[in-house]
1. Hey, does the range 33-47 have a residue that's surrounded by 10 or more Cβ atoms within 10 Å (Cβ to Cβ) and either in contact with a strand residue (DSSP E or B) (Cβ under 7 Å, 6 or more places away or on another chain) or hydroxyl-bearing (Ser, Thr, Tyr) (or both)?
2. Is it the case that residue 45 is among the basic types (Lys, Arg) and at pLDDT 85 or above?
3. Just one of 32, 57, 83 is assigned to a loop (DSSP other than H, G, I, E, B) and at pLDDT below 85; which is it?
Amino acid sequence: MTQYDAGSTPMWGCFDTVATASDFRVTMPTVSLNQKNVAVNEWQKRSEKFIYAREDSNNDIEFNRVLWHGLKGDVPFPGPKRSAFVTALQGDDDDD
């Protein structure tokens, strides 16, 4: 379990000690479940070139760029933010 589980609201309030035999009412969907997004644009064409059969087989920056522009539209891609916790030492290295 994680910190999210520890901080979440307990589910005991969702249950009752006595079963209810109330009916279940179905709501018919108002959107076709078979309809697909058939938009053909630059980002869709780039998506088709990715290899999804194996993990980490695509360029991660290009993949993120396609996702970004597909979701955000014309908002500029922020690019990768990479850093490392490295402190440069001054002076001689005495590990020899």
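1. Yes, the range 33-47 contains at least one residue that is surrounded by 10 or more Cβ atoms within 10 Å (Cβ to Cβ) and either in contact with a strand residue (DSSP E or B) (Cβ under 7 Å, 6 or more places away or on another chain) or hydroxyl-bearing (Ser, Thr, Tyr) (or both).
2. yes
3. Only one candidate qualifies: 83.
The values are calculated or read from the model by the stated rules, or taken from the named source; none is laboratory data. Everything numeric here is computed off the predicted structure, so don't read it as measured data. Cβ atoms come from the backbone with ideal geometry, glycine included; neighbour counts cover every protein chain shown.
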